[in-house]
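Colleague: Have a look at the structure that comes next, please.
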């Protein structure tokens with residue numbers, strides 16, 4: 001099984017060929033170059049210091065903007081009549097990992 005751990009937008013994701021990744025919304029997906037931190041091909045593993053050289057992850061943008069499930073935030077302080085309720089729907093981009101070469 002071939003996979004790579006990549007850093008996109010400050011977060012780490014496990015990328016496998018043919019699978020989709022749901023990442024935080026990308027400002028400009030055309031200029032994105034994922035940083036490869038770890039590359040595993042069957043039993044062989046390459047660990048970067050901090051990045052693995054010579055390994056590229058190519059992807060295709062499936063959707064540029066997609067909304068996730070609503071997150072609800074409650075704040076409460078006892079004995080002071082303080083209550084707050086807010087919520088939001090996070091925005092994501094969906095990427096299809098086409099090929100991991102290395």
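Colleague: Treat each spin label as a single point 7 Å out from the Cα along the C-beta direction, and report the residue 63 to residue 11 distance in nm.
Modeller: Modelled inter-label distance: 1.5 nm.
Colleague: Based on a Kirkwood Rh over C-alpha pairs, give the Stokes-Einstein translational diffusion coefficient of the chain at 25 °C and viscosity 0.890 mPa s in µm²/s.
Modeller: Numbers: Rh = 15.7 Å.
Translational D for this selection: 157 µm²/s.
Every number here is computed from the coordinates shown, using simple stated rules; none is lab data. Not measured: the values here are computed from a predicted model. All Cβ positions, even for glycine, are placed from backbone atoms using ideal geometry, and neighbour counts span all protein chains on display.
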